[in-house]
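The values are calculated or read from the model by the stated rules, or taken from the named source; none is laboratory data. Remember, predicted model here, so these are calculated numbers, not experimental data. Neighbour counts are summed over all protein chains in view; Cβ atoms, including those assigned to glycine, are modelled from backbone coordinates with ideal geometry.
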Amino acid sequence: MHHFFAYLSRLKLIRRWSLMRNTQPENDAEHSLQAAMIAHALALMARDRYGRAVNPEHVLALAVYHDATEVLTGDLPTPVKYHSEGLRAAYGQVEQLASERLLAMLPASMRPAYAPYLAPEGDAEERVLVKAADKLCAYVKCLEEQRAGNHEFDAACDNIRRSLEQNPLPEVRDFLREFVPSFTLTLDELNGGDAV
């Protein structure tokens, strides 16, 4: 018996933004899906608009599993995770151990196929796209909370926006310009003002 997928199904129980008051709770499973869709779009833009040699389907899979270890570690809030180099290094070790434990939950014949998705190193350019998608997801979350009248996310929204604007990837700027404004609209506005 192998517990890998049963454990991953528990990503829906891992709450994000635990230090912030949320109008709409978010869990790791929901976040992973959104991050995967955005990472895939960024990879398509990188390949098709900017001629970079990236595999969008590989980026999609990396994003699906990018927070998988949190099913064992929980979601450590960003201010804690990045408080100091010592904490960052220690958390990196915890993530590595969690990755190894998850891989051990697979049949030995499947471990080599999943190792690239659970290991934090390798595929540098593709992981940069996943990291950018992760940050875009955080920005979208901030916008949605602000739209709901929650000012708890104001400072985070400003900081994340500045960080995204400084990102050197042109596809990140494209996504900000072409897709992010829609996240601030109501359903009626998304439908062009027509009633649903």
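Considering only residues in the range 153-185 that are acidic (Asp, Glu) and surrounded by fewer than 16 Cβ atoms within 10 Å (Cβ to Cβ), the one that is nearest to VAL130 (Cα to Cα) turns out to be GLU165.
Checking the structure you have, find out if any residue of the range 78-89 is in a loop (DSSP other than H, G, I, E, B) and either modelled with pLDDT of 90 or more or polar (S, T, N, Q) (or both).
To start, the set of residues in the range 78-89 that are in a loop (DSSP other than H, G, I, E, B) comprises 82-84.
Of the ones still in play, those that are also either modelled with pLDDT of 90 or more or polar (S, T, N, Q) (or both) are 84.
Yes, because at least one residue in the range 78-89 is in a loop (DSSP other than H, G, I, E, B) and either modelled with pLDDT of 90 or more or polar (S, T, N, Q) (or both).
Cβ-Cβ distances below 7 Å connect the following pairs, each with a first residue in the range 159-177 that is touching a residue at least 24 places away in the same chain (Cβ under 8 Å) and under 18 Å from LEU143 (Cα atoms), a second residue that is of a type in the set (Gly, Ala, Ser) and buried (at least 17 other Cβ atoms within 10 Å of the Cβ), and a separation of six or more residues or different chains: ILE160/ALA138; VAL172/ALA132; PHE175/ALA41. Scanning the range 53-70 for residues that are buried (at least 16 other Cβ atoms within 10 Å of the Cβ), in a loop (DSSP other than H, G, I, E, B) and not hydrophobic (A, V, I, L, M, F, W, C) yields TYR65, HIS66, ASP67, THR69. Per the conditions (1) more than 22 Å from HIS31 (Cα to Cα); (2) part of a helix (DSSP H, G or I), the sole criterion not satisfied by TYR50 is (2). When restricted to residues that are surrounded by fewer than 18 Cβ atoms within 10 Å (Cβ to Cβ) and part of a helix (DSSP H, G or I), the range 99-119 contains 8. Of all the residues in the range 1-34, those that are part of a loop (DSSP other than H, G, I, E, B) and of a type in the set (Phe, Trp, Tyr) number 1.
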